[in-house]
Every structure is written in C-alpha cells, then in structure tokens.
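Here's the structure we're looking at; comments come further down.
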Amino acid sequence: MLEIYIDAASAGNPGPSGIGIFIKGEGHLLKISEPIGVTDNHHAEFQAFVRAMKEAEKLTPSIVSLRSDSKIVVASIEKRYAKKESYKELLATGLAISDTFPLFFVQWIPDEQNKAADALAREAIHKN
C-alpha cells in the first residue's frame, strides 16, 4: 500500500504557493516539494492532490491511501464534487487517476499528522 500525504502552503492568500507530497510504501519513499506560483491555499491543495495522483500512477500501486489536512479537498474527493468552478477541473483530473487504482482511500488528518508534507510545501514557497 502507498501512503500519500499532501499539503499546500501560501505566503498570502493569494500569494506565492507551494505543494508538498510525501509518499511511502511498496518500497518507495518520495519527497516532492514544488513551487506552483501565485494562487490561493485551497487551489494549491487541489493542485497537490492532482500532482500526488500523477506521481502515484507512475508507481502502479495496488492500494492508495491519500491523507490530507484540507477538509475541502477530502470532502470534495469523497463527494466527487466541488462547488467552486475553479476546483472542478483539478478534482476531475485527480479523480480520473484515482479511479484507475484497484483500491483508493482518502482520509482527513489533523495538521500534527501531516508534518512531512507541510514542511515540503513550506519549503517550496521559497523556491518561487
């Protein structure tokens, strides 16, 4: 099973933003810290979801457990619906990839359990 932790950070809302992705399991340990330009935090969280799914797809996992401290992203994945138009395309892209995994789970976690992805996202802001 792949455990994927995602987070985003913005210096301002909107402001310079970054995403952090921490993937472990099935013999993999990946740390991704990427700047994504100027955006708001929620949009950055959805971008982290899409980027994580693209990375997981390369690893051809049997089970994917995605964890995020973003309630809006987790709820949108669970409902397969985003109210805000600008999130809909990102959600659809991420869901299309997640649907290819034999088993996919998403779980909201508190900030304290997402420190690795948070550090990577904060690091990415400074790469902008």
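Read-outs: derived from the displayed coordinates by stated rules, not from any lab. What you see is a predicted model; the values in this text were computed from it and never measured. Don't worry about glycine lacking a Cβ; one is built from the backbone with ideal geometry, like all the others, and counts go over all protein chains shown.
Just a few scattered comments:
- Modelled this way, with points 7 Å down the Cα-to-C-beta line, the labels at THR100 and GLU85 are 2.9 nm from one another.
- For the pair ILE109 and LEU29, label points projected 7 Å from Cα toward Cβ lie 1.6 nm apart.
- Estimated FRET transfer efficiency (SER65, ASP40; beta-carbon r; R0 30 Å; 0.05): 0.65
- Ordering of 71-77, 90-96 by burial proxy (mean other Cβ atoms within 10 Å per residue, highest first): 71-77, 90-96
- Spin-label model distance (nm) - HIS126 vs GLU78, 7 Å beyond Cα toward Cβ: 3.5
- Axial C-alpha extent at least 15 Å, average Kyte-Doolittle at least 0.0 - helices from the chain (DSSP): 85-98, 115-125
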